[in-house]
Amino acid sequence: MVKVGLVGCGFMGTMHANVYSVLDDASLVGVWDEKPDRAASFVEKWGGHVYASYDEMLADTAIDMVDVCLPTSAHAEFSIAACNAGKHVMCEKPMALTIEDADKMVAAAKHSGVKMMVGHCIRFWPEYEVLKSLVDGGSMGPLLSLNLTRYGAFPAYTVDQWAADPAMAGGGMDMHIHDTDFALYLLGEPKSMVAHGNRDARGVGHFFTTMDYGSCVVQLEGGWNLPQGAPFRMEFRAVFERGAAIYRDGELWIYEEGKSAHKHEAKQMEASGTTGNLSSLGGYYNELAYFVSCIAGDKMPEIVTPESSRESLRYVLEEVRQIESRLTK
């Protein structure tokens, strides 16, 4: 049984607690949050106990793994401290706000010999797993084009609206990095990348990026600067030489030459106690189950490595740089 200490009792902490409540080989031992009242309410629903400080959690020999569900600006500090304490680390994405901090995290995990995984949950999302199997398997021929889309209203459910502070969230890259990361995971490094975008008064951006792979073009659109009440959309359209896969409105349809179109049915595990834009545990369950199994089986994670997470951060920071350079001209 992998014993977990969770840091941060907001939206993402709640999603992860949902998962630990149904995982057979993991147990939520306790939590820490900068607001003790919030932590106390959290454990009333999810169990465990409240640590008086993060240092107290790290000193607890019963803890095998620390799950960091804090604003992006705190990821490096808390993850490195956990590594130095000999704890395995699950850290929410983006890995950090700077490459320098990401490099420090990679080095800390290596030096301490612990396992670290960053929460790139789309790599584990059922419909996106199907897309990867179609690309890798080649049953419909080579991939010719891919559109990855993710947008919605600004996340009012974040604690104290931290996602609106570029110094804490990176100006909206928190959501867009999902698709940047998945493109790199699916196809590797592009030949070139061009990013356009905009930024509202809060500093929250919207991304329009093209990645050129030579025989395949990937277009990414993402942002959360829409007004409250606007729908959340998580979609893709993949066109192959002999077919297509289209994920829209929660449904994945496969179109293959010479065959009838068919809908892929994915098993969904419902989440409770959340206030965000998702009701299903989806990739959250799959990613945490995978990481817990890596710890239990004493094997290093391969689907998401600290190094690949660092590369995804490098690319999304380059997108931000290109957009800001155009906005300041």
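The angle separating the long axis of helix 11-22 from the principal Cα axis of greatest extent in the chain is about 80 degrees.
Oblate is the label for segment 162-264. Its Cα gyration tensor axes, ordered a ≥ b ≥ c, give a/c of at least 1.5 and b/c at or above a/b. Were the residues from residue 111 through residue 200 laid out at 0.36 nm apart, the gain over their Cα-Cα distance would be 27.9 nm.
Longest stretch of the chain clear of exposed loop sites (chymotrypsin sites (Phe, Trp or Tyr not before Pro), DSSP loop, at most 16 other Cβ atoms within 10 Å, sites excluded): 1-156. Computed over the chain, relative contact order equals 20 percent, with contacts defined as Cα pairs under 8 Å that lie 6+ residues apart.
Between residue 147 and residue 24, residue separation times 0.36 nm minus the direct Cα-Cα distance comes to 40.6 nm.
Within the same chain, lysines fewer than 8 places from residue 263 are excluded, and of the rest, those with a Cα less than 20 Å from its Cα are 132. Computed from label points 7 Å out along Cα-Cβ, the spacing between residue 233 and residue 139 is 2.8 nm. Within the chain, antiparallel bridges make up roughly 60 percent of the DSSP beta bridges whose residues both belong there. Residue separation of residue 77 and residue 60 scaled by 0.36 nm, minus their Cα-Cα distance, works out to 4.3 nm of gained length. Note on segment 2-120: along the principal axes its Cα atoms extend 38, 26, 25 Å, ordered by decreasing extent. Quick one: of 35/115; 3/45; 3/93; 3/87; 115/299; 87/299, which pairs are farther than 20 Å apart, Cα to Cα? Result: 35/115; 3/93 exceed 20 Å.
When only the Cβ of Lys, Arg, Asp and Glu is charged (+1, +1, -1, -1), the dipole of segment 1-135 relative to its Cα centre reaches about 280 debye.
A short reminder: the numbers here are calculations on the coordinates, not readings from a lab. Worth saying up front: this structure is predicted, and the values here are computed from it rather than measured. Every residue, glycine as well, gets a Cβ built from its backbone with ideal geometry; the counts of neighbours run over all protein chains shown.
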